[in-house]
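**Student:** Would you mind keeping the following structure in view while I ask a few things?
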Amino acid sequence: MKLIAVFPGSFDPITKGHESVIIRSLGLFDTIIVAVGVNSEKKYLFSLEQRIQWLKEVFSDYPQIEVDSYVGLTTDYCRSKHSTYILRGLRTSADFEFERGIGQMNKQIYSEIETVFLLALPEYNALNSSVVRDIYRNGGDISQFVPERIKI
Ligand code: ADP
């Protein structure tokens, strides 16, 4: 059986932290689908098209990695892709508490799903999209926080 994982997120924008978790998990799965979740109640800084284009650029050298977007429940999306793994990254105990709730609820509604966590690399522990957005909005240089291929 092919092992397919979905890495769901907003990627607003993708950071070196996301990139690192995705690349480090390549040995664990046959296919990784990096899926941008679209939540109509959330306001994003970068457009969906822009975020998808960046993801495609960043992972263009990896045939194992697909880029997609979805609306609705992550578990429904996983089912539609025949994926039984959700991949997430953990930086802090706050991440863990948050992820545990979501992971346990996802398991409740889709019993075949397993959430797999990779620990953030120490150098990316403080890195999150929200801080990167703040720096960007205030005219700062975000190039050291986003993958090399992204030229903002
Ligand atoms: P959301 O879409 O839920 O707001 P993000 O796009 O910020 O979340 O992140 C998606 C996933 O990537 C989460 O599992 C998060 O913990 C993980 N992640 C975010 N930043 C990092 C980082 N610097 N290192 C490792 N994992 C990270």
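A short reminder: the numbers here are calculations on the coordinates, not readings from a lab. Because the structure is a prediction, the values reported are computed rather than measured. So basically every Cβ, Gly included, is an ideal-geometry build from the backbone, and we count neighbours across all protein chains shown.
**Student:** Within a 10 angstrom radius of the beta carbon, how do 29, 98, 7 rank from fewest other beta carbons to most? Kindly include the intermediate steps, with their values, before the conclusion.
**Tutor:** Values: 29 20, 98 13, 7 23.
Final ranking by Cβ density, sparse to dense: 98, 29, 7.
**Student:** With +1 on the Cβ of every Lys and Arg and -1 on the Cβ of every Asp and Glu, and nothing else charged, how large is the dipole of the range 4-137 about its Cα centre, in debye rounded to the nearest 20? Could you put the intermediate results ahead of the total?
**Tutor:** Numbers: 14 positive and 17 negative charges, 50 e Å.
The calculated dipole for the range 4-137 is roughly 240 debye.
**Student:** Fewest Cβ neighbours within 10 Å first, please rank 42, 56, 16 accordingly.
**Tutor:** Details: 42 9, 56 14, 16 19.
Arranged by neighbour count, lowest to highest, 42, 56, 16 become 42, 56, 16.
**Student:** Now a separate question. Rg to Rh ratio, the chain, alpha-carbon atoms and Kirkwood radius? The partial results should precede the final answer.
**Tutor:** On the way: Rg = 14.9 Å, Rh = 15.9 Å.
Across the chain, the Cα-based Rg/Rh ratio is 0.94.
**Student:** In nm, to one decimal, how far is the modelled label at residue 130 from the one at residue 76, with both set 7 Å along Cα→Cβ?
**Tutor:** 2.7 nm
**Student:** Cα axis of helix 48-58 to longest principal axis of the chain: angle in degrees, 0 to 90, nearest 10?
**Tutor:** Once rounded, the angle reads 90 degrees.
**Student:** Only sites in a loop by DSSP and with at most 15 other Cβ atoms within 10 Å count here; which GluC sites (Glu not before Pro) in the range 13-95 make the cut? Before the final figure, lay out each step's value.
**Tutor:** Working: sites: 19, 41, 49, 57, 66; in loops: 41.
Sparse-neighbourhood loop GluC sites (Glu not before Pro): 41.
**Student:** Something else now. Relative contact order of the chain: what whole-number percent is it, with Cα pairs under 8 angstrom and at least 6 residues apart?
**Tutor:** Numbers: 220 pairs, mean separation 48.6, N = 152.
The value is 32 percent.
**Student:** May I pose another question? So, in the chain, how many Lys pairs have Cα atoms under 30 Å apart, if the pair is 8 or more places apart or on different chains?
**Tutor:** So the count of such lysine pairs works out to 22.
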